[in-house]
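Input: a single structure, listed below in structure tokens.
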Amino acid sequence: MSLSLIAKTIKASPTLALNEKAAILREKGDPVIHLGGGEPKSRAPMDAILSAVNMLNSGEVRYAPADGIPELKKSIIRYTEEFYHRKVNPENVIASSGAKQAIMVALQAILNPQEEVIFPAPYWVSYPDMARLVGAIPVPVLPEDGTFYPRLKDIEMRVGSYTKAIIINSPNNPTGAMYSEEFIADIVDFCERRGIYLIMDDIYHRLVFDGRKPISAYDYTKKSVEESKLLIVNGVSKQYAMTGFRIGWAVGNKKLIEAMANIQGHQTSGPSVLLQKAAVGALNGIQSSVESLRVTLENNRNVLVDQLRSFDGVKVHVPDGTFYLFADFSAYEKDSQKLSNYLIDKVMVLTVPGKEFGLDGHLRISYCGTIKDIEEGIERMKWALDPNS
Ligand code: PLP
């Protein structure tokens, strides 16, 4: 008996697979440098830990409501007011097991089989497979002008009668590009005119550099929350260094949120109450860790950009935010998978092939580790690719 078509179509997440590879190599004692990861290395905030420990000590760790505990919803409502300048109600909020699950249940609630979801390329590795998981068709759109900044006219050309949703991720994984306010205003307006759902994946919105500030798509809609088809997705994973806690959320009109909660209720129930409590601790607690992470990442970015600039043949796009840099290595090797494998085999440096994000010839290099790892990793890459430099 063979497995389902879905099982045959969906591959393992390449970034999670790379983490496993790094762990196996390290266990063998190999001096691997992991520049492929997607998580900050700082500690989770003490307020988050204490909040979860208090609940654990109570010995009462029960099922949570499918859409999240009221206390967490309250914190998310406050967060939405602060960063998105919108007053929303508990019915407009769902807490999920990571932003990943929030996006997944949103796609399940929005898309029918064969309908299309558009997202700019390069894109986060999970979007295409998430679309396929609901039987929908992923439509990546690479900007025609060769930049990492999407243009409405490129997207507009790909919109058809089957287009049901657009996902925008800014600042972007893998490029670190933060899209302009003008673009966000245009895409909000366009989706409203065409009745298309707009999912804003804002998971990196506070990790921005050079004086940039988070952008709120709600600032550009003329509609009320209930009339709008805008869905804001966010979470604690990146900004609070809480990737393993698996808490994310979405804010949108109550009909959509209710549909998402119904689906989530049958899939996983509400996220673990213990971890929701930790997220409450992070959101209500002292916020200095977010700024100190942001400053560290900006400094790491500067070091990485400097190092790469001394590298003949590599084209660097300076990231506006996140902890990723997406560089063009095609002068050395056009097949990014081959190049990434070569760097692992030759000098034990892990990077993610651009192919996985929809653009070959590039490598995604993460700078969420230590400066020492960044410097040594790039030194080794230089030695592997430019032995005479
Ligand atoms: N969205 C983007 C663009 C990401 O890069 C990631 C994680 O790598 C996620 C969502 C998932 O975040 P979470 O850990 O909250 O599921």
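Any idea which of (1) within 28 Å of Thr296 (Cβ to Cβ); (2) more than 20 Å from the chain's Cα centre (by Cα); (3) of a type in the set (A, V, I, L, M, F, W, C) is the one Ile168 doesn't satisfy?
(2)
Output the residues belonging to the range 260-297 that are within 14 Å of the ligand (Cβ to nearest atom) and closer than 15 Å to Met104 by Cβ.
Passing the criteria: Gln264, Thr268, Pro271.
I need the full set of residues from the range 127-137 which are surrounded by fewer than 19 Cβ atoms within 10 Å (Cβ to Cβ) and of a type outside the set (A, V, I, L, M), in order please.
Matches in the range 127-137: Asp129, Arg132, Gly135.
Sort out which residues of the range 84-103 are more than 16 Å from the ligand (Cβ to nearest atom) and not β-branched (Val, Ile, Thr), and write them in order of number.
At the first step, the residues of the range 84-103 found to be more than 16 Å from the ligand (Cβ to nearest atom) are 84-92.
Once the filter is applied, which keeps residues that are more than 16 Å from the ligand (Cβ to nearest atom) and not β-branched (Val, Ile, Thr), the range 84-103 yields Tyr84, His85, Arg86, Lys87, Asn89, Pro90, Glu91, Asn92.
Go through (1) within 20 Å of the chain's Cα centre (by Cα); (2) under 30 Å from His266 (Cα atoms); (3) of a type outside the set (A, V, I, L, M, F, W, C) for Gly135 and report which single condition fails.
(1)
Is it the case that Ala131 is out of contact with any Ser or Thr (no Cβ under 6 Å at 6 or more places or on another chain) and hydrophobic (A, V, I, L, M, F, W, C)? Explain how you work it out, then say what you get.
Values: out of contact with any Ser or Thr (no Cβ under 6 Å at 6 or more places or on another chain): yes; hydrophobic (A, V, I, L, M, F, W, C): yes.
Answer is yes for this residue.
For the range 308-324, how many residues are buried (at least 24 other Cβ atoms within 10 Å of the Cβ) and either aromatic (Phe, Trp, Tyr) or within 18 Å of Gly36 (Cβ to Cβ) (or both)?
Looking only at that region, the number is 4.
Within the range 143-154, is even one residue of a type outside the set (A, V, I, L, M), within 16 Å of the ligand (Cβ to nearest atom), over 28 Å from Lys222 (Cβ atoms) and buried (at least 18 other Cβ atoms within 10 Å of the Cβ)?
Yes, some residue in the range 143-154 is of a type outside the set (A, V, I, L, M), within 16 Å of the ligand (Cβ to nearest atom), over 28 Å from Lys222 (Cβ atoms) and buried (at least 18 other Cβ atoms within 10 Å of the Cβ).
Quick one: count up the residues across the range 6-39 that are within 15 Å of Met130 (Cα to Cα), over 22 Å from the mean Cα position of the chain (by Cα) and without any contact (Cβ under 8 Å) to a residue 60 or more places away in the chain.
Looking only at that region, the number is 2.
Quick check on my filter: what residues within the range 245-283 are more than 16 Å from Val93 (Cβ to Cβ) and free of Cβ contacts under 8 Å to residues at least 60 places away in the same chain?
Across the range 245-283, the qualifying residue is only His266.
Could you list, in sequence order, the residues of the range 50-77 that are away from the ligand (no atom under 16 Å from the Cβ), under 22 Å from the mean Cα position of the chain (by Cα) and assigned to a helix (DSSP H, G or I)? Step through it out loud before you land on a result.
Filtering the range 50-77 for residues away from the ligand (no atom under 16 Å from the Cβ) gives 50-67, 69-71, 73-74, 77.
From what is left, the residues that are under 22 Å from the mean Cα position of the chain (by Cα) are 67, 73, 77.
Correct list: Lys73, Ile77.
Return a yes/no flag: does the range 319-327 have any residue that is more than 21 Å from Thr15 (Cα to Cα) and in contact (Cβ under 8 Å) with a residue 60 or more places away in the chain. Explain how you work it out, then say what you get.
Restricting attention to the range 319-327, the residues satisfying the condition of being more than 21 Å from Thr15 (Cα to Cα) are 320.
If we keep only those that are in contact (Cβ under 8 Å) with a residue 60 or more places away in the chain too, we end up with 320.
Checking the range 319-327: at least one residue is more than 21 Å from Thr15 (Cα to Cα) and in contact (Cβ under 8 Å) with a residue 60 or more places away in the chain.
Please work out if Val105 is at pLDDT 95 or above and within 20 Å of the chain's Cα centre (by Cα).
Details: at pLDDT 95 or above: yes; within 20 Å of the chain's Cα centre (by Cα): yes.
Taking the combined requirement at face value, the residue satisfies it.
Taking the residues in the range 298-317 that are free of Cβ contacts under 8 Å to residues at least 40 places away in the same chain and aliphatic (A, V, I, L, M) as candidates, determine which candidate is farthest from the ligand (Cβ to nearest atom).
Selected residue: Val314.
Those residues that are buried (at least 19 other Cβ atoms within 10 Å of the Cβ) and away from the ligand (no atom under 16 Å from the Cβ), I need them from the range 104-114; list them, please.
Matches in the range 104-114: Ala109, Ile110, Leu111.
If I ask for residues that are farther than 30 Å from Asp210 by Cβ and surrounded by 15 or more Cβ atoms within 10 Å (Cβ to Cβ), which ones from the range 269-296 would you list? Quick ask: steps written out before the conclusion?
We begin by selecting, within the range 269-296, every residue farther than 30 Å from Asp210 by Cβ; these are 269-278, 280-281.
Matches in the range 269-296: Gly270, Pro271, Ser272, Val273, Leu274, Leu275, Gln276, Lys277, Ala278, Val280, Gly281.
The values are calculated or read from the model by the stated rules, or taken from the named source; none is laboratory data. All values derive from a computational prediction rather than experimental measurement. Here Cβ is always computed from backbone atoms with ideal geometry, including for glycine, and neighbour counts include all displayed protein chains.
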